[in-house]
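Just so it is clear, none of the values below were taken in a lab; they were calculated from the coordinates. Note that the coordinates shown come from a computational prediction; the quantities given were computed from them, not determined experimentally. Counting neighbours? That spans all protein chains shown, and the Cβs are built from the backbone with ideal geometry, glycine included.
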Amino acid sequence: MNFDFSDDQKSLKDQARKVLADKSSIKAVRAVLDRKPGAPSYDQDLWKAVAELGWLGIAIPEEYGGVGLGRLELCVLAEELGRAVAPIPFASTVYFATEALLLAGSDAQKQKWLPKIASGEAIGCFALSEGPGAPKPDAITTTFDGSALSGAKIPVADGDIAHFAIVLAKEGAGTSLVIAELDGVKRSEVKTLDPTRGHAKIEFAKTKAERLGKAGEGWDLADAVLDRAAVLLAFEQVGGAQACLDMAVDYAKNRYAFSRQIGSFQAIKHKLADMYVAAEVARSNAYYGAWALSTEAPELPLAAAAARVAATEAYHLASKENIQTHGGMGFTWEVDCHLFYRRAKLLAVQAGGPGVWKEKLVRRLELKNAA
Amino acid sequence: MDFNDTPEEAAFRAEARKFLEANCAPKSGQRQQPESSESDYLKKAKAYQKKKAEAGFAGITWRKEHGGRGLAPIFNVIFGQEESKFDAPSGPFAIGLGMCIPTMIAFASEEQKKRYVGPALKGEEIWCQLFSEPSAGSDVAGLKTRAVRDGDDWVINGQKVWTSGAHYSDYGILLVRTNPDVEKHKGLTMFFLSMKTPGVEVRPIHQMSGGSNFNEVYFTDVRIPDAQRLGEVGQGWQVALVTLMNERLAVGGSPGPDYAEIMELARRTPSPTGKGTLLQDQAFRAALAEWFVSAEGYKLGRFRTMTALSKGQTPGPESSIGKILNANRLQDITNAAIEAEDHFGIISDESLAPMEAVFQQSYMWAPGLRIAGGTDEILKNIIAERVLGLPQDVRVDKGVAYKDLPTGR
Ligand SMILES: Cc1cc2nc3c(=O)[nH]c(=O)nc-3n(C[C@H](O)[C@H](O)[C@H](O)COP(=O)(O)OP(=O)(O)OC[C@H]3O[C@@H](n4cnc5c(N)ncnc54)[C@H](O)[C@@H]3O)c2cc1C
Ligand SMILES: Cc1cc2nc3c(=O)[nH]c(=O)nc-3n(C[C@H](O)[C@H](O)[C@H](O)COP(=O)(O)OP(=O)(O)OC[C@H]3O[C@@H](n4cnc5c(N)ncnc54)[C@H](O)[C@@H]3O)c2cc1C
């Protein structure tokens with residue numbers, strides 16, 4: 001057995017951490033957080049840098065302008081992006097849009113979009129939600145008539161800056177996954193708990209669009225894209241949880257109360273140990289998801305759900321207890337704890353909330369253990 | 001046991017309701033005051049407090065000589081129950097009337113009580129609590145701000161932090177170190193002062209939920225007369241305990257969504273299982289049941305405390321339970337609601353998010369509640385040590401002069 005990343009993958013991770021510490025210092029995250037209305041909702045310099053480093057195309061085959069490495073490399077990068085709370089549309093473009101194109105795009109569609117994604121020219125987004133609560137196939141109201149798209153999607157992560165969208169729409173009696181350019185489409189930015197990523201309401205009105213895959217396959221394709229994204233998001237969540245744990249441990253060693261390091265109080269020790277346990281459970285589940293994703297294993301659906309459920313719990317716990325460990329300081333805008341608390345919530349709902357994933361997990365478990 | 005109002009209580013309740021209907025708007029979804037209108041809000045709050053005092057609903061349990069009504073604590077509960085059904089702007093007075101003025105009543109001179117208690121009760125003057133410091137929060141007795149005697153005056157230098165409402169307060173009660181050469185608890189003294197005293201500088205702190213309800217307060221050669229001392233020199237900790245005991249009573253119900261809002265959201269939102277609504281979802285129903293028993297346990301526990309109070313007993317440290325339960329439940333409920341809203345849950349815009357984004361706003365406020373007025377960890381230590389009688393944690397600060405304590409710096 002060898003259940004670990006390779007040396008090359010580990011050195012990619014070290015490189016990523018250095019680059020992100022350098023380019024995406026918390027200062028850059030805060031510049032996006034505190035941006036004036038109308039200013040771009042992402043760090044353009046960092047976006048350029050990750051494009052030049054080849055990260056955007058790391059899992060895109062060379063024939064489409066990518067680097068042609070695998071998903072394991074992408075997982076390694078995702079963990080570091082999560083740790084850095086990176087203020088770029090990486091998840092939308094790479095975990096969602098790219099995966100959808102690779103999974104269901106025609107050769108022409110891949111030729112058209114993947115090279116632009118790899119070079120950083122094209123930002124993508126994934127438009128599924130239309131209102132509060134878990135989406136259902138029969139509740140989708142956005143329609144596709146074979147050539148044009150109509151209806152509203154809200155919220156769409158990075159929909160405010162994206163050049164194209166992958167959209168789940170109703171087509172006839174079923175659903176289809178379609179791709180639309182966003183030039184000229186009405187979009188309004190939506191205020192969210194995590195302003196370090198932009199969100200929009202997108203209103204399609206007879207917008208020209210093309211189907212990805214076959215008509216009627218939309219829901220299943222979207223589900224498959226979500227499984228892939230879930231594994232990659234789990235790595236971001238693990239990275240974020242780890243960053244919170246590191247912050248909290250560091251603070252607990254240096255902060256004194258009652259003339260002792262607060263880390264010498266068992267209440268704090270056990271809290272940090274609980275955060276560590278949850279992060280390790282999440283990490284191991286994420287690694288298994290990475291294996292399933294990179295090998296296209298039939299275990300992927302169950303592994304993806306497990307990775308997602310564990311990672312969401314670990315990041316939630318770590319982000320809230322990191323604040324608690326910091327006491328009053330943790331509740332201020334100036335201290336970075338809240339950046340993680342915000343991002344943890346975004347990542348918890350971005351590919352569907354934990355309730356949805358727990359249901360998927362158990363359904364897949366039932367299937368595997370059918371009577 | 002009898003939950004019905006006595007005739008006297010029923011009459012008081014009717015009187016309270018009549019007053020509230022005449023002077024407050026019914027509850028709207030909007031919980032947090034938009035920052036731009038803080039001065040408008042304060043004006044509204046002061047006007048309301050004045051009417052409340054005139055109608056005899058301020059200081060319900062206080063003695064008549066202090067402008068109160070001299071009623072049993074249950075009447076306070078009754079008024080609170082009725083007031084919570086309205087949009088009553090009483091927030092800015094909670095610390096002053098809940099903690100500072102009771103401390104003044106216990107320790108100030110008769111003349112000072114005449115001067116300060118009335119205006120506070122009528123909402124003319126607002127008070128804040130100047131205890132916590134950058135290196136002394138949980139361990140507030142470890143504070144540094146120095147007061148040095150100079151003739152009939154004291155000269156104060158140092159810094160306070162997290163002072164709620166300091167930016168709009170007129171007065172504050174201030175805990176300082178007067179003797180660093182003795183054990184930390186023995187070298188403290190309490191004062192009160194005008195926030196307009198020269199050398200006092202208030203700087204707002206931007207909190208993670210967006211607003212600025214609390215502040216840093218700097219003291220540079222601030223001179224106050226010895227007459228503004230509360231209690232004896234070196235007895236500041238005993239005085240502070242009176243304030244902190246009152247804090248346990250003052251920190252009552254928590255803000256945030258109420259049951260009507262939670263049920264409404266659950267009725268409207270599709271379930272994560274894809275079948276029916278959230279309200280029909282078994283996992284959500286189980287969570288709802290747990291939140292209910294926790295909230296009821298707190299509420300009914302307060303009734304037991306009130307009954308004990310009405311029989312002349314003093315409330316013990318067991319009232320620490322309330323804040324741990326309420327703050328954590330608020331964080332849990334709001335988190336569950338956001339997650340159930342799914343992708344849409346991240347939206348915090350009041351005009352788009354369900355229930356005017358009360359869940360999102362409270363999610364950002366809940367971490368502060370777990371820290372303010374004693375952290376979860378400190379309150380659990382209090383329960384373990386003071387209620388259950390477990391031995392204290394190892395103390396390295398006992399029997400050591402303040403100036404010799406390790407601080408990590
Ligand atoms: C099923 C089982 C199998 C075992 N097998 C073996 C074996 O094969 N070989 C062997 O040598 N021993 C074995 N033990 C013994 C075991 O190692 C001890 O029971 C254990 O270390 C606890 O010690 P104790 O019983 O003295 O309890 P105590 O140490 O007295 O603990 C009592 C309680 O206090 C808590 N506590 C103690 N110290 C701390 C602390 N510093 N911080 C916080 N809480 C604390 C404990 O968690 C516990 O809740 C076994 C025990 C069990 C239950
Ligand atoms: C919204 C808000 C409003 C506030 N308003 C006021 C105000 O008006 N006036 C005022 O004076 N103060 C106010 N405070 C300050 C508040 O009382 C302190 O923040 C609080 O007591 C914690 O102190 P600290 O921030 O220094 O954290 P620390 O004491 O440094 O605590 C850091 C962490 O260590 C833990 N810890 C500390 N000691 C122990 C121990 N012995 N055992 C186990 N764990 C321990 C804590 O639980 C916490 O998790 C306010 C705070 C907030 C958040």
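Odds and ends about this structure:
- Overall form of region B:259-387 per C-alpha gyration tensor (a/c, 1.5; a/b vs b/c): prolate
- Other protein chain Cβ atoms within 10 Å, averaged over every residue that makes up A:124-134: 6
- Residues A:Phe144, B:Phe75, sorted so that the one with the fewest Cβ neighbours within 10 Å comes first: B:Phe75, A:Phe144
- Within straight-line reach of B:Lys196, meaning a Cα separation under 13 Å, sit the following aspartates and glutamates at least 8 residues removed in sequence or on another chain: B:Glu125, B:Asp170.
- Whichever lysines have a C-alpha closer than 18 Å to that of A:Lys136, once near sequence neighbours (fewer than 8 apart) are set aside: A:Lys153, A:Lys170, A:Lys358, A:Lys360, B:Lys275
- Computed from phi, the 3J(HN,Hα) profile of region B:117-131 under the Karplus parametrisation 6.51, -1.76, 1.60 (θ = phi - 60°) reads 5, x, x, 5, 5, 7, x, 7, 10, 10, 10, 10, 10, 9, 10 Hz, with x in place of Gly and Pro.
- Computed from the C-beta positions of B:Asp40 and B:Lys64 and an R0 of 25 Å, the FRET efficiency is 0.15 to the nearest 0.05.
- Going from the fewest other Cβ atoms within 10 Å to the most, the residues B:Tyr116, A:Tyr315 appear in the order B:Tyr116, A:Tyr315.
- Relative intensity, log₁₀ I(q)/I(0), of chain A from a Debye sum that treats every alpha carbon as a point, q = 0.06 Å⁻¹: -0.22
- In the protein assembly as shown, helices alone account for a calculated mean residue ellipticity at 222 nm of -14500 deg cm²/dmol, with every DSSP H run of four or more residues adding -39,500 (n - 2.57).
- The calculated FRET efficiency for A:Thr143 paired with B:Glu264, based on their beta-carbon distance and R0 = 22 Å, is about 0.15.
- Cα centroid of region A:138-183 to Cα centroid of region B:395-409, whole Å: 64 Å
- Whichever lysines have a C-alpha closer than 19 Å to that of A:Lys253, once near sequence neighbours (fewer than 8 apart) are set aside: A:Lys269, A:Lys271, A:Lys320
- Between B:Ala289 and B:Ile383, the C-beta separation translates, for a Förster distance of 30 Å, into a calculated FRET efficiency of about 0.80.
- Whether region A:10-144 is rounded, prolate or oblate, judged on the alpha carbon gyration tensor where a/c under 1.5 counts as rounded: oblate
- Each of B:Arg304 and A:Ala39 was given a label point 7 Å from its Cα along the Cα-to-Cβ line. The distance between the two points is 5.4 nm.
- The distance linking region A:215-246 with region B:210-231 is 51 Å (Cα centroid to Cα centroid, whole angstrom).
- Tensor-based shape of region B:12-126 (alpha-carbon gyration tensor, a/c under 1.5 rounded, otherwise prolate or oblate): oblate
- Relative protection proxy for A:8-15, A:111-118, from highest mean packing down: A:111-118, A:8-15 (other beta-carbon atoms within 10 angstrom).
- With 0.36 nm allotted per residue and the present C-alpha distance subtracted, the B:His185-B:Gln313 stretch has 43.4 nm of extension available.
- Averaged over peptide B:386-399, the number of partner chain Cβ atoms lying within 10 Å of each residue's Cβ comes to 2.
- Cα principal axis extents for the protein assembly as shown, largest first, Å: 89, 60, 53
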